[in-house]
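Participant: Below is one structure. I have some questions about it.
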Amino acid sequence: MVRLGTIFRTTATALAVAFVVYSCKGRLSVADRLDLDETPLQTVDSMFFVQTENGRLKMRVEAPVMEVYDKDTCSYDLFPQGLSVYGYAEDGSLETTIVSREARHDKSKVTDAEQWSAFGHVVIRNIIKQETMETDTIYWDRKNQEIYTDCYIKMYSPSGYMQGYGMRSDEMARNSIIMRPFNSYGVVEQDSTRVLVDSVNFIGPMPFETGKK
């Protein structure tokens, strides 16, 4: 005769085993649905790095978030909350800024090729020349030290306004050329006594000390 307590213990054990199996099966189903190619290997908050040349600060790059991905032939970094690039002149003053809402950095595992792309209302400024460019997408070729785009672009400068499609420039935006300009205008006459001030690097006169001769 089988005791009632034995039946209860056997039933409870079976239910416990069934629950564990079901729980593990549920977790495995979630793991099976996980796409590792679309999952970052690493997420970095407040990303920051600098590039120097002969001990001189040449470039600074900042981003709120960087996501690192890895595939068979290439790896890439995503910057879903935007990217800011700051370029410095030979005398150490801030000369160029590039700011975008999103960005991506691709690196090939087969060759040493790499490419930066910034998109989503990209703003490029050369502070010394007081030139500002706005476009949707910009590409940065670090190896050849140039930036370019084939998208619609607007340029504002002390000499006038230009717009068109496509732009090529050195990475410091010192010599920017719009490839297919249209409906642009320039300033015909300028005041030769006008003084352009670098508002970012300008320090201003030293304050006078009162009470001293």
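Participant: Output the number of residues of segment 47-72 satisfying the condition of being in a strand (DSSP E or B), over 30 Å from E90 (Cα atoms) and not hydrophobic (A, V, I, L, M, F, W, C). Full working, then the answer.
Facilitator: As a first pass, look at segment 47-72 and keep what is in a strand (DSSP E or B): 47-53, 56-70.
From what is left, the residues that are over 30 Å from E90 (Cα atoms) are 67-70.
Narrowing further to those that are not hydrophobic (A, V, I, L, M, F, W, C): 67, 69-70.
Residues that pass the stated criteria total 3.
Participant: Among the numbered conditions (1) more than 18 Å from V61 (Cα to Cα); (2) touching a Ser or Thr at 6+ places or on another chain (Cβ under 6 Å), tell me where R174 comes up short.
Facilitator: Status for R174: all satisfied but (2).
Participant: Examine segment 145-160 for a residue that is in contact with a Cys (Cβ under 6 Å, 6 or more places away or on another chain) and either surrounded by 20 or more Cβ atoms within 10 Å (Cβ to Cβ) or in contact (Cβ under 8 Å) with a residue 12 or more places away in the chain (or both), and state whether such a residue exists. Don't jump to the end; show me each part of the working.
Facilitator: Taking segment 145-160 first, the residues in contact with a Cys (Cβ under 6 Å, 6 or more places away or on another chain) are none.
No, every residue in segment 145-160 fails to be in contact with a Cys (Cβ under 6 Å, 6 or more places away or on another chain) and either surrounded by 20 or more Cβ atoms within 10 Å (Cβ to Cβ) or in contact (Cβ under 8 Å) with a residue 12 or more places away in the chain (or both).
Participant: Also: Find the residue count for segment 73-86, including only residues that are buried (at least 21 other Cβ atoms within 10 Å of the Cβ) and closer than 15 Å to M59 by Cβ.
Facilitator: Here is the first cut: in segment 73-86, the ones buried (at least 21 other Cβ atoms within 10 Å of the Cβ) are 79, 83, 85.
Narrowing further to those that are closer than 15 Å to M59 by Cβ: 83, 85.
Looking only at that region, the number is 2.
Participant: State all residues of segment 52-72 that are of a type outside the set (D, E) and surrounded by 14 or more Cβ atoms within 10 Å (Cβ to Cβ); if no residue qualifies, say none.
Facilitator: Listed by number, the residues that qualify are L57, K58, M59, R60, V61, A63, P64, V65, M66, V68, Y69.
Participant: So, V195, is that one out of contact with any strand residue (DSSP E or B) (no Cβ under 9 Å at 6 or more places or on another chain), at pLDDT below 90 and among the hydrophobic types (A, V, I, L, M, F, W, C) or not?
Facilitator: On the way: out of contact with any strand residue (DSSP E or B) (no Cβ under 9 Å at 6 or more places or on another chain): yes; at pLDDT below 90: yes; among the hydrophobic types (A, V, I, L, M, F, W, C): yes.
Against the criterion (out of contact with any strand residue (DSSP E or B) (no Cβ under 9 Å at 6 or more places or on another chain), at pLDDT below 90 and among the hydrophobic types (A, V, I, L, M, F, W, C)), V195 qualifies.
Participant: Continuing with this model, one more query. Taking Q130 as meeting all but one of (1) in contact with a Phe, Trp or Tyr (Cβ under 7 Å, 6 or more places away or on another chain); (2) on the phi > 0 side of the Ramachandran plot; (3) surrounded by 15 or more Cβ atoms within 10 Å (Cβ to Cβ), write down the number of the exception.
Facilitator: For Q130, the exception is condition (1).
Table: residues versus (1) at pLDDT below 90; (2) charged (D, E, K, R).
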position: I153; (1), (2): no, no
position: Y161; (1), (2): no, no
position: N175; (1), (2): no, no
position: Y185; (1), (2): yes, no
position: D191; (1), (2): yes, yes
position: V200; (1), (2): yes, no
position: M206; (1), (2): yes, no
position: T210; (1), (2): yes, no
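Participant: Then there's this: May I ask you to list the residues in segment 89-104 that are in a strand (DSSP E or B) and either at pLDDT below 95 or surrounded by fewer than 21 Cβ atoms within 10 Å (Cβ to Cβ) (or both)?
Facilitator: Step one: list which residues in segment 89-104 are in a strand (DSSP E or B), which gives 94-100, 102-104.
Within segment 89-104, L94, T97, V99, E102, R104 meet the criteria.
The values are calculated or read from the model by the stated rules, or taken from the named source; none is laboratory data. Everything numeric here is computed off the predicted structure, so don't read it as measured data. Neighbour counts are summed over all protein chains in view; Cβ atoms, including those assigned to glycine, are modelled from backbone coordinates with ideal geometry.
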